[in-house]
Amino acid sequence: MSSYYDVDAILTDAQKVPCTFELTVPGLGFLEGNMSGPMKSGSKVELPLWLGEMLALSQNMGTNTSLVSLDHPTALSHRVLNALKADARTVDLRSLAPHFYNLGARILELFEEEEMIEILSDAFKSRAAVIADQAHNPRGALGEGADFMRGLDENERQLFRASHDSAKAVRTWMTDLKK
Amino acid sequence: MALPLPPGLTPPEIAFICEMELVTIIPRQRLEGLELLGGPLKPLNPPQRASIPLWLALLLKRQRRANIVPPPWLSPDSLSAILKYETEIDAFSPPPRLPPLPSGTSLVFSPPFLPGSTADATADALPYHWLELGSMLLEAAPEDFDDANEVRKLLRGLREARMAKLRQGVEVLDAGGGVKMNGVGGMEVGEARTFITGVVDGLRKIGKSREEARKERDRENGYSPSQDFDDDEMDMR
C-alpha cells in the first residue's frame, strides 16, 4: 500500500519501541552504553521499530526463542489508551508520537488487540469531527482550539489541510463570483 | 507529480457543470432559434417565458436582454421551511421527487439531468445544484428576486446547517461503513469529499490488521476468492 519512498512510513518505522533481549548477545553492549561488553539477556533497550521487529521475528537456529521480545511503545501504553477512551480530544498525540496512528497500525500488525483497534478508531473519528470544524471556522492561531491543533499527529494534519483547502476553494469561488 | 489538484472536482468545475441546468427567463428581445449541442433552442418571443441553459441566461441577463425567473424553491418561504426541516431533523432534506418514468424510452433521468431549477420546479425540495445555482443567480440577477437579501441569508444558513451535519456524519463511519448522503448537493459533495475520504482512509489504516485477520479466517473456512470479492463489494456500500 505505502510506497518504498513514503517518508511517513520511514519515519514511523524509525520510532522507538521497548525491547527485552531474551538471549545474551556478545558485542551488542553498545546499545546499552556498555561499549565493549555483551548485551545481557533480560536487559531492556529502546530500539527502532524496524530493527526490533526484525529481531523479534527472527528465530534463533535450533531453539524456539526469538532474540528479543517486543513490548508496546509508551505512546500506546494503557495509560494513553485510557486517556483516549475518556476523552480523545484532550490528548496531545503529537507529543506521544508524531506518527501516532501509523505507529498504532504497525503495532496492531504485530499484536492482536481488538480493543486497541476500537479505541484508536473511535479516537480518530471524534478528533476528525473537531478537525473539520476547525478547518471550516478557523479562529486564528491564538483562538480556542490552538492547543488541540498543536496536538495533531501527521495523519490528522494532512486531514486538516485537505478539508481546509476544499473549504477555502469554495469560499474563493464564492468571492470570485462577485467580481 | 501530475496535476496538483485534489481528487474530485474543483468548485469552478462544479459551477461549470451547473451552468447546463435549465432556468426560466422572460426575454426582453426577440432571438432566433439556436442550434446548441444540447439540442435546438426555440426562438425567444418577448412576453413568453422560455427555459434555456443557465450559461445563456446569465449572458442574456448581463446584456439586459432577459430577466430570470428564480425557481420556486429559491423563495424565502420555501427556503425557511427547508431550513426548519434541516435544523429539526437529523437527516438531510430529501431531494426533489423523480418524475414518473417516461414510457417508451429507456432513458432514466436522475437528479443532475432533471429540470430542477425552472419556474415550474417543486418548491419544497432542493435540487442537486442548489448552492451553485442559488449563488450564481443571486450574484447575476439580484433585482429579479423579491427579497434577495433574505434569500442570501437563508442560503448561507442552509449551507452552514448542512455542512455541520455532513461533518458530524463521520462519527458514525467505520472502516467498511457508509454515511447516508441522500439529498446532498454537488458543491457540498465537492467540499466534503477530501475530508470524508481522508477519514475513511485513516480508519482503514487503523483497522487493516483486523481486515487481514478476517480475510485470513475466511480463507481458512474455505471461502473461494470470488466470494471474498463479493464480500469486499458489500463493504463498499
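The values are calculated or read from the model by the stated rules, or taken from the named source; none is laboratory data. Note that the structure is a prediction, hence the values are computed from the model and not measured. Using ideal geometry, Cβ is built from the backbone for each residue, glycine included, and neighbour counts are taken over all protein chains shown. What goes into the accessible areas is simple: the full protein's heavy atoms, side chains included, and nothing from ligands, DNA or RNA. Shrake-Rupley method; radii C 1.70, N 1.55, O 1.52, S 1.80 Å.
For the reader, a short list of remarks on this structure follows.
- For the stretch A:50-88, a residue qualifies if it is in contact with a Lys or Arg (Cβ under 6 Å, 6 or more places away or on another chain) and modelled with pLDDT of 85 or more, but none of them does.
- Selected residue (only one of A:A135, A:A123 is open to solvent by less than 30 Å² (accessible area, probe 1.4 Å), out of contact with any His (no Cβ under 9 Å at 6 or more places or on another chain) and assigned to a helix (DSSP H, G or I)): A:A123
- Only residues that are more than 7 Å from chain A (Cβ to nearest Cβ) and in contact (Cβ under 8 Å) with a residue 24 or more places away in the chain were counted in the stretch B:194-220, giving 5.
- Of all residues in the stretch B:154-161, none are at pLDDT below 85 and among the hydrophobic types (A, V, I, L, M, F, W, C).
- Restricting the stretch B:169-192 to residues that are open to solvent by 40 Å² or more (accessible area, probe 1.4 Å) and at the interface with chain A (Cβ under 7 Å from one of its Cβ atoms) leaves a set whose member that is modelled with the lowest pLDDT is B:D174.
- First in the stretch A:117-133 and within 16 Å of A:F160 (Cβ to Cβ) and more than 7 Å from chain B (Cβ to nearest Cβ), second anywhere and at pLDDT below 85 and crowded, with 18+ Cβ neighbours inside 10 Å, Cβ under 6 Å, 6 or more apart: A:A123/A:A88; A:R127/A:A88
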